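Enquirer: The structure follows.
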Amino acid sequence: MAEILLGPALSELSVTLTPQAAGGFTQGLYQFSWAVGMVAAPALFTLLLQTDPLLPWGFEAAACLIALFAAPALTTADRPGRRSLR
């Protein structure tokens, strides 16, 4: 349910925050990153699950900790030509 509600909001946010000059490239990169994750995640987690049933959970915990500490570094620079948030 959350993915159904989050998907359109993320797509709209990626369009809104993209500078107009880089729109096509940035949207392509955004979609490509999701496609890579959809292909790589099942393969990776199948490998981890075959190795040890608890290993996928440890991997997810490590990824969440990395994201938690990396999130404050994600700031946007004020650039001219950026679309308005409306």
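The values are calculated or read from the model by the stated rules, or taken from the named source; none is laboratory data. Quantities reported herein were computed from a predicted structural model and do not represent experimental measurements. Methodologically, a virtual Cβ is constructed for each residue, glycine included, from the backbone with ideal geometry; neighbour enumeration extends over all protein chains shown. To get the accessible areas, we keep the full protein, side chains included, count just its heavy atoms, and leave off ligands, DNA and RNA. Shrake-Rupley method; radii C 1.70, N 1.55, O 1.52, S 1.80 Å.
Enquirer: Please give the number of the condition Met38 fails out of (1) in contact (Cβ under 8 Å) with a residue 40 or more places away in the chain; (2) open to solvent by 80 Å² or more (accessible area, probe 1.4 Å); (3) not basic (Lys, Arg).
Expert: Met38 satisfies all of (1) in contact (Cβ under 8 Å) with a residue 40 or more places away in the chain; (2) open to solvent by 80 Å² or more (accessible area, probe 1.4 Å); (3) not basic (Lys, Arg) except (1).
Enquirer: Next up: Inspect the stretch 44-60 for any residue being of a type in the set (Gly, Ala, Ser) and out of contact with any Leu (no Cβ under 9 Å at 6 or more places or on another chain) and give the result as yes or no. Spell out the reasoning first.
Expert: Here is the first cut: in the stretch 44-60, the ones of a type in the set (Gly, Ala, Ser) are 58.
Those left that are additionally out of contact with any Leu (no Cβ under 9 Å at 6 or more places or on another chain): none.
No - not one qualifying residue is present in the stretch 44-60.
Enquirer: Within the stretch 1-35, count every residue that is in contact (Cβ under 8 Å) with a residue 40 or more places away in the chain and part of a helix (DSSP H, G or I). Walk me through how you get there before you give the answer.
Expert: If we filter the stretch 1-35 for residues that are in contact (Cβ under 8 Å) with a residue 40 or more places away in the chain, which is where we start, we get 15-21.
Those still in the list that are part of a helix (DSSP H, G or I) too: 15-16, 20-21.
Going through the stretch 1-35 one residue at a time, the tally reaches 4.
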